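One structure is given here, and the rest of the page talks about it.
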Amino acid sequence: MVETRGLSLPAARSWALPLRPVTALRVAIVVGVVVIWQAISASGWLYRDVVPSLLTIGRALYATLSDPIFYFHLGTTAYEIAIAMVIGGLSGLAVGLLLGGSRLLSRAYEAYLYYLGPCPKIIFFPVMIMWFGVGPGSKVAMGAISCFFPVALNIAGGMREIDKVLIRVGKSFRANTWQMVTKIYLPAMRHPVINGVRLGLGVALIGTLLAETKLSNRGIGFLVIQAYSIFNMPQMYALLIILFVIAIGANALIGRFGGLDDIKAS
Amino acid sequence: MIGSVAKHKYFPAALGIGSLFVFVALLELLIRVGMINRFIVPMPSDIVAAFPRVIVEEHVLQRFVLTAGEAFSASVLVTIVGVAGGVVLHRYNLLRLATETWVAAIAAAPLVLMYPLYLVIFGRSALTIVMMGFTAGIAPVILKTLEGLLATRRVLINVGKSFNLTPSQQFWKILFPAALPTIFVGLRLGLIFALINIVGVEFLINFGGLGQLINELAERYDLAGMYAAICFVILVSISVFLLTERLERWLRPVD
């Protein structure tokens, strides 16, 4: 048995791929998915163009990325999300600091945020249209509302985790409120802040884009629903791929630069 | 002074509820005196008065049952496929190493934006809504099932081995019961994600239960009714959240 192993090992090595087993499996899964996709696309089992060939999607991806109009819509969505992040993030930061800094306020109001947080925010869109109109204002408001809750809750929670010694150091130096916030609280809760921003960005993106799909004449959400309306499936797939790459990439980047990977590793 | 008041058992809760009532009363006053346009923000008293009308005329209970049915179907799918997925990834280590980051990436992706694609594939039907809920809820269940199984204490696994348990017995008697609290955390997340997306997609495609109701009332410009429907959806969401939270606490092992 041992001899067989000894004999077979070099033979196996000579046939082995120059890849680690994990990488080899990943490549195999990707190849398998591509083959199955192409087979379904060519089979005609589904309605025509529901599953377009990968070549067609690739062409649509190239056409979308080389179209200047796409960048206008991307810019509109990015602008709306950025404003939403500033409004929702800053108000979340302020409320989080207030709730985290006061036991009374936390016990009085935090439950409302905690239970409102998981509600589907898109149902507020008709209200936002009434308040801010059908233009970018209502989309920004949707993004800001979505972003507010995770930021506020993360910061309130993070503030309660701050080492009491650090707070006493700040007070012993007679730091005022602004100095306490900028020199003690925010640096000490870097990770909860970044985690809140990461979660906030994800939900702000969803809130803004969903609002664009419902009622808008610009933005990536509008492009997606327009592709649906004219049954341009390759373009819809291309837009969804671009969106997912942006969302997952932004999430990973904030996590990495914010040192969230270090927390997981420790 | 404030600290001693804060320590009082009921004062913070009373402050929270009191503030809410003051806010609502102030809103009513500002609308009545015309400082806030009542054609943009309806009076809270009108919203309260609209509740019985919306419940009876708009068939809220039937709509609630429809949304609950969609959420239940999505939850069953999420539970079966998600837990099975987590178990498979735990069983095959190489597969876990190759795909765990992909599942985590899917969890971070804005999957709800695929709803126009689902509309094309499944049609404008309850199936689209259920599949959207399923898609949104699957990733956390897989990840939490895997986390729970991986975190099973070594001593428990060794106890199973010392009793010469078969792999099947080892799973059902040791691994699964030990991982159940963590699996339930995932199921709770999955159910909440599914419910959020189900109501959201109902609203967006104007089909189904409670989400569609809000859209219809908004399109009819029935402001008080729309606000009442939004309050009803919030109450349902909070009730589901509280219920699942209670269940999670009940399942959590005592440290």
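Of all the numbered requirements in (1) away from chain A (no Cβ under 14 Å); (2) surrounded by 12 or more Cβ atoms within 10 Å (Cβ to Cβ); (3) modelled with pLDDT of 90 or more, B:Val33 misses one, and that requirement is (2).
Here is a yes/no grid of residues against (1) over 22 Å from A:Ala250 (Cα atoms); (2) away from chain B (no Cβ under 14 Å); (3) assigned to a helix (DSSP H, G or I):
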{"position": "A:Glu80", "(1), (2), (3)": "no, yes, yes"}
{"position": "A:Gly89", "(1), (2), (3)": "no, yes, yes"}
{"position": "A:Ala94", "(1), (2), (3)": "yes, yes, yes"}
{"position": "A:Gly100", "(1), (2), (3)": "yes, yes, yes"}
{"position": "A:Leu105", "(1), (2), (3)": "yes, no, yes"}
{"position": "A:Cys119", "(1), (2), (3)": "yes, no, no"}
{"position": "A:Met128", "(1), (2), (3)": "yes, no, yes"}
{"position": "A:Gly143", "(1), (2), (3)": "no, no, yes"}
{"position": "A:Ser146", "(1), (2), (3)": "no, no, yes"}
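Restricting to the range B:72-95, and then to whatever is more than 19 Å from the chain's Cα centre (by Cα) and closer than 29 Å to A:Ile242 by Cβ, can you tell me which residue is farthest from the other protein chains (Cβ to nearest Cβ)? Give the steps one after another, and end with the answer.
Let us first name the residues in the range B:72-95 that are more than 19 Å from the chain's Cα centre (by Cα), namely B:84-95.
The next check asks that each one be closer than 29 Å to A:Ile242 by Cβ; those that pass are B:85, B:89, B:95.
Working: B:Gly85: 14, B:Leu89: 12, B:Leu95: 7 Å.
Across the range B:72-95, the extreme among qualifying residues is B:Gly85.
Looking across the range B:38-63, just one residue is away from every other protein chain (no Cβ under 14 Å) and either aromatic (Phe, Trp, Tyr) or within 18 Å of the chain's Cα centre (by Cα) (or both), and that is B:Phe51. The single condition from (1) facing chain A (nearest Cβ under 10 Å); (2) closer than 30 Å to B:Ile55 by Cα; (3) of a type in the set (A, V, I, L, M) that B:Ala194 fails is (1). Cβ separations smaller than 7 Å between residues 6+ apart or across chains give the following pairs from the range A:154-176 residues that are in a helix (DSSP H, G or I) to residues that are surrounded by 11 or more Cβ atoms within 10 Å (Cβ to Cβ) and polar (S, T, N, Q): A:Asn154/A:Asn195; A:Ala156/A:Ser106. A:Leu240: touching a Pro at 6+ places or on another chain (Cβ under 7 Å) and within 9 Å of another protein chain (Cβ to nearest Cβ), yes or no? Spelling it out, it is not the case that A:Leu240 is touching a Pro at 6+ places or on another chain (Cβ under 7 Å) and within 9 Å of another protein chain (Cβ to nearest Cβ).
For the criterion of being over 26 Å from B:Lys9 (Cβ atoms) and part of a helix (DSSP H, G or I), A:Val134 fails. Within the range B:217-249, the residues that satisfy the criterion of being over 14 Å from the mean Cα position of the chain (by Cα), assigned to a helix (DSSP H, G or I) and buried (at least 17 other Cβ atoms within 10 Å of the Cβ) are B:Leu217, B:Ala218, B:Leu223, B:Ala224, B:Gly225, B:Met226, B:Tyr227, B:Ala228, B:Ala229, B:Ile230, B:Phe232.
For residues in the range A:177-234 being of a type in the set (Lys, Arg) and in a helix (DSSP H, G or I), which is nearest to the other protein chains (Cβ to nearest Cβ)?
Restricting to residues being of a type in the set (Lys, Arg) and in a helix (DSSP H, G or I), the top hit is A:Lys214.
Would you mind stating whether B:Pro177 is more than 12 Å from chain A (Cβ to nearest Cβ), surrounded by fewer than 16 Cβ atoms within 10 Å (Cβ to Cβ) and either touching a residue at least 24 places away in the same chain (Cβ under 8 Å) or in a helix (DSSP H, G or I) (or both)? Yes, satisfied. Taking B:Val185, is it under 27 Å from B:Leu113 (Cα atoms), assigned to a helix (DSSP H, G or I) and of a type outside the set (Lys, Arg)? Considered against the rule, which asks whether it is under 27 Å from B:Leu113 (Cα atoms), assigned to a helix (DSSP H, G or I) and of a type outside the set (Lys, Arg), B:Val185 comes out as yes.
Quick check: anything in the range B:48-55 β-branched (Val, Ile, Thr), within 30 Å of A:Val50 (Cα to Cα), in the same structural domain as B:Gly209 (by TED's automatic domain parsing) and crowded, with 20+ Cβ neighbours inside 10 Å?
So far as the range B:48-55 goes, no, none of its residues is β-branched (Val, Ile, Thr), within 30 Å of A:Val50 (Cα to Cα), in the same structural domain as B:Gly209 (by TED's automatic domain parsing) and crowded, with 20+ Cβ neighbours inside 10 Å.
Within the range A:34-53, the set of residues being in contact with a helix residue (DSSP H, G or I) (Cβ under 9 Å, 6 or more places away or on another chain) and farther than 20 Å from B:Gly123 by Cα comprises A:Val34, A:Trp37, A:Gln38, A:Ser53. Filtered by the rule that a residue be small (Gly, Ala, Ser) and within 20 Å of B:Asn215 (Cβ to Cβ), the range A:144-153 gives a lone residue, A:Ser146.
The values are calculated or read from the model by the stated rules, or taken from the named source; none is laboratory data. Only a predicted model underlies this, so the values are computations on that prediction, with no experimental measurement involved. A quick note on method: Cβ atoms are made from the backbone with ideal geometry, for glycine too, and the neighbour counts reach across all protein chains shown.
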